[in-house]
Structure formats: structure tokens, C-alpha cells
Amino acid sequence: MPQTIKASVAYGIGKGFAQPEDIVIDDPIGAEVLVDVQASGLCHSDLHLVEDDDQFFPFPAVIGHEVAGIVEAVGPEVEGIKVGDHVVASLEQVCGHCADCLNGHPQSCSQQQECVRKPGEKPRLSFPDGRPITQAFGTGGFAEKALIHENQLAVVNNEVPWDQAACIGCATITGAGAAINTAHVRPGDTVAVVGTGGIGLNMISGARICGAKRIIAIDVFDNKLEFAKKFGATDVINSRNEDPVAKVRELTNGGVDEAFEAIGMAPTMKQCWDMLGVDGNAYCIGLAKPDATITLEINPADLLVHQRGLKGVWMGSTNIKHDIPMYADLAVDGRLNVHDLISQHINLSQIDDAYVQLKNGEVIRSVITEF
């Protein structure tokens, strides 16, 4: 039977997150899994979606994509996930059988619609009067329970704490994945990370795991830069006080092998390009505003000689069924620092306040653990 649950609904751009209200969640059908949410992280991307960008889904919507919980029920077509399993969700929607999925690039899946209900089918979420509510990215984690396709879930080590498990589902796979899977950082490489929020700190962790010899963290908050040292930063630069490009080039005698942009701003993306040494690559991970553009003046001969590249990264080039359990095991073993990402635990009613703290640089990750 469909259940009534508490959820925070977003009603449109600029309207923030509503106080918890009663909505209806349907029973699982097909390959869907009903998850009793134990923790839901507040990623900056969700704030971006309710402040600036309505191109991804219609409102009203239940947002939230860093979800960890216990499997309560499964649909008749679910394989490999059972009631009682501890699972972590991802907004990465994967069909599992298109050319990209079979070619080892599930983050580029061309049949993502297979992870949501078809037009004409009953919505997963609705108001008590029957009006449908969008379940953003197929996760809808700002709620007591979530109905998610099995291909967006990974079963994890039961020992990983719920708050850490939730962060692994986005901050870790996006950040660490960019360093490990996309950039293939090698032992001895030099790395710059612009933006030391949840994603940036995981990039630093990923680069450290890969054996980078120098990891330079760049931000405008001294407290966050000092914090970045816990994750493996060897050098820090406050870009309010000095030119980050000049300083990076000085520290590395010419530029870094890899530069990562974790904010989503055109000027800092260009800075990453300017920080590169010969044969270096810049990776853009931050979600930019819809009207943002990057302008690069490049001499083709210079491009050829210096062999530099600029690449966008989606979800850390992640295979969630493999990578999420691996990161969970590394967290339990203490080889991946997820514990220090979590600044505070909050109630479902405190989302707006926690996002204000995030914008002010007061917290890294707030995680909802009370619903």
C-alpha cells in the first residue's frame, strides 16, 4: 500500500525548501527499491537547482541525491538487492545495456529514462490530493523514504556510518572519482584543486590515494584551506590574498599536471587552464549557472607544443556498483577520510538554514539524520 511520509518539497526557483509536509510514496514496481532513508547529505548542487537552474526537472519536486538507507521493500524485477541491505544512492541513472554502459562509461548512459517511471504510469511521489511531485534525478532524498531504481543503488559495507555513506554517494564519487577515474592521477603528479567544499576535499583525497606528490588547495576561506590539509593538501593558497595562477606556477616550476575546478565559475575554470604545465589537463566538475561561458584565447601552435587539455567531468566517471562499495570499504579502513567531511547533523526542517551556512563557508557538509 502507498505510504504517507514527511518530505521537504521545493516549489520553484527562489522559493527554497519548504518545511516538512505529508506526501504519498507509492509501492515499488518493476526494478524499484523502497529505501528507508537514514541519512541525506546537502550537496551544493541541490541549492544551485532551487536558486538558479530549472532546466533539469519540473517543480514541485523533492530534491536531495546523497541518500543512504535500509532497503524496506523491492519490486518483482529487482536482482542483487534484498530487504535489509544497506544501500547508497546516486543521481547517476544507468540502464546497463546501452553502448556506453557496455563500453565501461555508465556515466554517459544514453537510456537514462529507463530508471524512472514511464509517461502515464502512476508517479512515485504525489500530494495527498493526487497531484504528482517530481522525484529529482530519481532519488528524492529530502524525505523519510525514497523509491529508487536498483541501477541507482549500491549495496555497501554495513560498518560504514550512515552520514558517511550518504556523502559517498555524491561528494566522494564525484570528487575522488575525478582524480582516480577521469584524470588517472599518477604517483608523483602535481595537482591543484580550486574550491575546497565537499567535492574539492574528495578530489584532494583521491589525488592523495593515487600518490600525487604535491596537492595544492585553493579557496577564499582560510578555515577551509587549513581543513584541506586533513585530506592531503600539501600547500594552500588563499586567492583573495594572492594570484593563484602565479603562485601555483611558482610552486611547481611551471604548472601542474592536473587542475580541478570544483566551484562552477567561469573565471576559476580559466584559472585552472592557466595553471597547467606542459601536457597538463584541466577538469571542470563544478555546476555552473545556465548562462555561464568560458572564453579561452589559444594559439593553436602553443596548444600543440604544450599539449594541454580541458575536459568536463560528470559524476567522477563512476561505475556506482563497483566504486561506491569500494569507497565505503576504504572509509571503514580509514584510508579515505569521509568522517571529517561532515560538519553537522540536522533535522529535515533545517535545510534552508544549513544552506545559508554552506554559502557563508561555515560548514562543509550538513547531513539530515532526523526526519
Using amide H atoms built 1.01 Å from N in the peptide plane, name the residues 5+ places from A192, or on other chains, whose amide H lies under 5 Å from its own.
-> I216, E258, A259, F260
Sketch the reach of a paramagnetic label on D333 as a point 7 Å from Cα along Cα-to-Cβ, and name the residues of the range 181-214 whose backbone nitrogen lies under 18 Å away.
-> 181, 187, 205-212
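Once you list every other residue whose beta carbon is under 9 Å from the beta carbon of G75, what net charge do they have if Lys and Arg are +1 and Asp and Glu are -1?
Numbers: positive: none; negative: D27, E32, E77, E150.
Around G75, the surrounding residues sum to -4.
Take every Cα pair under 8 Å in the chain that's 6+ residues apart, average their separations, divide by the length, and report that relative contact order as a whole percent.
Details: 920 pairs, mean separation 67.5, N = 371.
The value is 18 percent.
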Residues of the range 202-226 with backbone N under 14 Å of the label point set 7 Å from the Cα of N253 along Cα→Cβ are 214
Set of lysines with alpha-carbon distance to K247 below 27 Å, sequence-local pairs under 8 removed | K213, K224, K229, K230, K270, K311, K359
Over the heavy atoms of K118, what accessible area does a 1.4 Å probe trace out, to the nearest 10 Å²?
-> 140 Å²
Inter-probe distance in nm under a simple model that places probes 7 Å from Cα toward Cβ, at K230 and H322 | 3.1 nm
For the range 133-281, Kirkwood radius (reciprocal of mean inverse C-alpha pair distance, Å) = 16.3 Å
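Which length gain, in nm to one decimal place, applies between A99 and F221 when the Cα-Cα distance is subtracted from 0.36 nm times their residue separation? Intermediate results must be reported in sequence, preceding the final value.
Values: separation 122, 0.36 × 122 = 43.92 nm, distance 4.33 nm.
The A99-F221 span can extend by a further 39.6 nm.
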Please figure out what share of the DSSP beta bridges in the chain is antiparallel and state it in percent, rounded to the nearest 5.
-> 50 percent
Scalar couplings 3J(HN,Hα) for the range 132-141 by Karplus 6.51 cos²θ - 1.76 cosθ + 1.60 (θ = phi - 60°), nearest whole Hz, x for Gly and Pro, are x, 10, 5, 9, 4, 6, x, 10, x, x
Rg(Cα) of the range 245-349 divided by 2.2 N^0.38 Å?
-> 1.37
Per the C-alpha gyration tensor (a ≥ b ≥ c, the square roots of its eigenvalues), the range 327-371 is rounded if a/c is under 1.5, else prolate if a/b beats b/c, else oblate; here it's oblate
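Would you mind estimating how fast the range 1-50 diffuses translationally, via Stokes-Einstein at 20 °C and 1.002 mPa s with the Kirkwood radius over Cα pairs, in µm²/s? Could you put the intermediate results ahead of the total?
Values: Rh = 13.0 Å.
Once the numbers are plugged in, D ends up at 165 µm²/s.
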Using only the alpha carbons of the range 293-371, determine the length spanned along each of the three principal axes and report them from longest to shortest in whole angstroms.
-> 57, 32, 20
Whole-percent carbon and sulfur share, accessible surface of the chain, 1.4 Å | 49 percent
Would you work out if the range 11-117 is rounded, prolate or oblate? Take a ≥ b ≥ c from the square roots of the eigenvalues of the alpha-carbon gyration tensor; rounded if a/c is under 1.5, else prolate when a/b is larger than b/c, oblate otherwise.
-> oblate
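If you take every residue apart from V338 with its C-beta less than 14 Å away from the C-beta of V338, what net charge results, scoring Lys and Arg +1 and Asp and Glu -1?
Values: positive: R208, K230, R335, R365; negative: E66, E159, D163, D323, D329, D333, D340.
So the surrounding residues net to -3.
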Just subtract the alpha-carbon distance of T293 and I13 from 0.36 nm times their residue separation and send over the number in nm, one decimal.
-> 98.7 nm
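With all protein chains present and a 1.4 Å probe, how do W273, W314, W162 order by accessible area, largest first? Write down the numbers at each step before the final one.
Working: W273 15, W314 115, W162 65 Å².
The residues order as W314, W162, W273, largest area first.
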Three-way shape label, the chain, alpha-carbon gyration tensor, a/c 1.5 | prolate
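How much length is gained if the chain between N157 and K311 is pulled fully straight, taking 0.36 nm per residue apart and subtracting their Cα-Cα distance, in nm to one decimal?
Extending this stretch completely gives an extra 52.2 nm.
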Accessible area expressed per residue, the range 66-124, with surrounding protein chains retained (probe 1.4 Å, Å²) | 51 Å²
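Would you please give the FRET efficiency between A73 and V356, computed as 1/(1 + (r/R0)^6) with r the Cβ-Cβ distance and R0 = 35 Å, to the nearest 0.05? Don't skip to the end; give the middle numbers.
Values: r = 36 Å, r/R0 = 1.03.
Step by step, r from the Cβ atoms, then E = 0.45.
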Give the accessible area for T369 in Å² (nearest 10); use a 1.4 Å probe, count only protein heavy atoms, and leave out ligands, DNA and RNA.
-> 60 Å²
Report D26's accessible area, 1.4 Å probe, all protein chains in place, as a number in Å² to the nearest 10.
-> 20 Å²
In a Gaussian network model over the chain where Cα atoms closer than 10 Å are linked, find which of F59, F260, F137 has the largest mean-square fluctuation.
-> F59
Using alpha carbons only, what's the Rg to Rh ratio of the range 84-220 with Rh from Kirkwood?
-> 1.05
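The values are calculated or read from the model by the stated rules, or taken from the named source; none is laboratory data. Not measured: the values here are computed from a predicted model. Because the Cβ atoms are built from the backbone with ideal geometry, glycine has one as well, and the counts that use them run over all protein chains shown. Quick note on the areas: whole protein, heavy atoms, side chains included, nothing else; ligands and nucleic acids left out. Shrake-Rupley method; radii C 1.70, N 1.55, O 1.52, S 1.80 Å.
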